[in-house]
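One structure below.
Bear in mind that the values in this text are calculations on the coordinates, not laboratory data. Just so it is clear, the model here is predicted, and its values are computed rather than measured. Virtual Cβ from ideal backbone geometry, glycine too; neighbours counted across all protein chains shown.
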Amino acid sequence: MKKIEAYIRHEAFEPIRAELLDKGFPSLSISEVKGSGRQKGVVETYRGSTLTVNVRPKLKIEVVVEEKDKGLVVETILKHARTGDVGDGKIFVIPVEEAIRIRTGQEGETVLQSHEGDEVTA
Amino acid sequence: MTKKLLWALPVGVVAMLAAPQVALADVIDGESGVLTDSAAINTMWVIVAAVLVMFMQAGFMLLEIGFSRAKNAGTVVAKVLTNFSIAALGFWAVGFAFAFGGDSASGNDLIGSTGYFLQDFGDPLTAFPVMGIFDATVEAKFFFQFVFCAVSLAIVWGTTLERIKYGVYIIYGIIFSTLIYPIGAHWVFGGGWLQSNIGMQDFAGSTAVHLIGATGGLAVLLLLGARKGKYGGDGRPRPIPGHSMPLFGLGVFILWLGWFGFNPGTALGVTDGRFAEIVLVTQLACAAGVLTALMTSRRKQKTIDIGMVGNGAIAALVAITAPSGYVEYWAAPLIGGVAGVLVVYGILAIDKVLDDPVGALSAHGLAGIWGTLSCGIFSSPRLSEYNAFGVTNSEGDFLGGFVYASGLLGKGFNEVPGAAFNIEAFEQLGAQALGVTAAFAFVFTASFATFYVIKKTFGLRVTEDEEEAGLDISEHGMYGYPEQFIPQGEFPGAATSPSAAASAATSVKPARSET
């Protein structure tokens with residue numbers, strides 16, 4: 001199991017979410033984050049003095065999938081999040097040891113995404 | 001370009017003030033130099049009413065801020081301050097003369113031409129003929145008419161939120177307050193051809209103020225386009241919710257309050273008691289509009305949409321503006337009620353094709369058209385004669401709206417039983433329709449041309465990145481709500497706040513409780 005953690009521009013999220021859902025990956029989480037990278041900060045001026053805000057708002061997506069689905073999810077994120085400019089963000093892939101569904105106590109890869117009927121083509 | 005304009009304004013004004021001038025002699029002043037009692041009390045009311053209308057700027061500001069996202073909140077404050085000020089100087093310089101001035105030599109059907117800079121106009125009774133019979137002083141009348149111009153300008157921008165370049169406000173504000181509004185207003189209620197020759201009725205400006213503003217808004221919207229993300233790939237509209245319904249609500253109530261200056265103030269005096277009757281007409285219409293908008297929203301959207309209920313109030317107030325001085329009490333809830341239904345359907349329909357964030361096209365445009373036309377249905381001959389504007393028959397009797405002129409109510413001057421389909425029954429309505437069409441055509445053409453030139457030279461719209469970041473930071477370099485966008489850690493002196501301060505507080509508290 002892998003957790004894919006991607007820091008993206010806000011506007012990239014909706015198309016990514018829609019395509020992942022389409023491909024059978026409905027389960028994901030997002031959080032509003034602020035971070036710094038090579039993209040410049042924002043300069044705020046207030047009554048003549050300036051304040052450089054070095055972090056910019058980004059969106060973090062977290063998706064946990066089976067090993068074999070990793071490539072597909074990464075491709076989807078790349079496809080929609082890449083504008084070619086500085087500030088597109090980064091993707092990290094992290095190994096996951098266990099997964100447990102709270103409602104049933106079920107464990108393992110079956111709890112990750114809704115693979116009902118195993119119709120999902122990967 | 002913006003910079004140059006900003007400098008040109010004060011320089012021009014100072015130059016004018018330095019020019020030699022004849023002292024203002026208001027003939028209404030008695031020989032003693034003291035106003036008559038009637039002039040004094042009427043002047044007082046006109047100023048009070050004008051101040052209420054001035055406060056409507058705050059209403060528009062809060063309404064627009066509430067319907068914007070938090071990243072575009074601050075820019076609205078700067079815009080309203082700027083536009084209100086530009087309109088003041090522009091309307092003083094030439095606007096008032098174009099809108100309400102007379103011209104005995106060539107007639108003043110198209111444009112007035114006395115009272116530039118409110119100077120050298122001679123006898124105020126002939127200089128501003130349409131307001132001549134009222135004895136409030138010229139300064140009071142000027143200020144009252146100026147705040148109307150400012151309201152009309154404020155209405156224009158409702159359609160442009162969250163994506164327009166700031167400089168556009170300044171350029172169009174100058175053109176609008178010196179040319180577009182004054183000419184349009186002159187035609188409709190400044191003694192121009194629509195009012196004097198056609199007999200169009202527009203008491204306080206459903207067309208002259210609200211439709212003109214909304215028409216400017218339509219012109220700029222067509223050239224500006226929708227906000228990023230408003231229409232999905234399938235072309236269907238997506239909601240971009242505003243960030244504060246409480247601010248929107250405060251805006252609505254301030255506007256409602258302001259309308260008690262807007263309509264009753266247009267009576268331009270108190271001694272005949274008409275102003276209080278117009279207060280009541282205004283209130284009845286607005287109340288009905290809120291309730292019908294609420295019911296329509298519940299029926300159509302399966303929910304009670306807070307914004308729609310508020311827009312119902314605005315639409316009803318806009319609609320009752322034209323007929324407020326011409327209709328009896330019973331007609332007011334009907335006019336307001338129809339406006340409340342109209343605005344909900346209008347917003348839902350317009351949203352499918354045009355991105356109008358506050359619903360200005362419906363609340364001011366459609367409701368303005370309906371309000372103006374409603375004079376053609378409900379205007380009473382009694383009040384038409386009282387105001388001395390409206391369509392008359394060959395004997396000089398005022399026909400009034402359809403319900404009177406057709407004889408349906410049997411109360412008119414024109415009691416002709418069963419004459420419902422007599423052409424006379426529709427004459428006032430026809431005058432209203434012509435007035436709406438002419439005002440719309442003029443303002444749309446002039447505004448579209450102005451915005452087209454602005455688009456080709458200065459540009460109308462911010463870049464995509466700027467739109468994404470929000471107009472507050474991209475146009476003003478600062479946020480309306482800094483703490484929402486700047487992490488605490490980035491503020492200077494962050495070491496002493498907020499986590500450090502929080503832990504300090506917790507360590508202090510027990511110590512205090514021990515002592």
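Taking Cα atoms only, the orientation of helix B:2-18 departs from the longest principal axis of chain B by about 50 degrees. Within segment A:1-47, report the trypsin sites (Lys or Arg not before Pro) that DSSP leaves as loop and that have at most 12 other Cβ atoms within 10 Å. In loop regions of segment A:1-47 (DSSP not H, G, I, E or B), the sparsely surrounded trypsin sites (Lys or Arg not before Pro) are A:R38, A:K40, A:R47. Axis of helix B:166-175 versus longest Cα principal axis of chain B: the two differ by about 10°, to the nearest ten degrees. Using alpha carbon centroids, what distance separates segment A:21-39 and segment B:119-145, in Å? Using only Cα atoms to place each centre, the spacing works out to 64 Å.
Remark: segment B:72-89, residue by residue, has Karplus-estimated 3J(HN,Hα) of 10, 7, x, 4, 5, 4, 5, 5, 5, 4, 5, 5, 4, 6, 4, 4, 4, 6 Hz, where x stands for each Gly or Pro and the curve is 6.51 cos²θ - 1.76 cosθ + 1.60 at θ = phi - 60°. With neighbours defined as other Cβ atoms within 10 Å of a residue's Cβ, the residues B:W92, B:W330 order from fewest to most as B:W330, B:W92. For chain B, the longest principal axis of the alpha carbon atoms and the long axis of helix B:367-378 meet at an angle near 20°. Based on Cα contacts under 8 Å between residues 6+ apart, segment A:2-117 shows a relative contact order of 40 percent. Spin-label model, B:R382 to A:L21: label points 7 Å out along the Cα-to-beta-carbon direction sit 6.1 nm apart.
Residue by residue, segment B:254-263 carries 3J(HN,Hα) couplings of 5, 5, 4, 4, x, 5, 6, x, 4, 7 Hz when phi is fed to the Karplus relation 6.51 cos²θ - 1.76 cosθ + 1.60 (θ = phi - 60°); x denotes Gly or Pro. Take every Cα pair under 8 Å whose residues are at least 6 apart in sequence, average their separation, divide by the length of chain B, and the relative contact order is 19 percent.
Taking square-rooted eigenvalues a ≥ b ≥ c of the alpha carbon gyration tensor, is segment B:85-140 rounded, prolate or oblate, where a/c under 1.5 means rounded and, failing that, a/b exceeding b/c means prolate? Oblate shape, in that a/c is at least 1.5 and b/c is the bigger or equal ratio.
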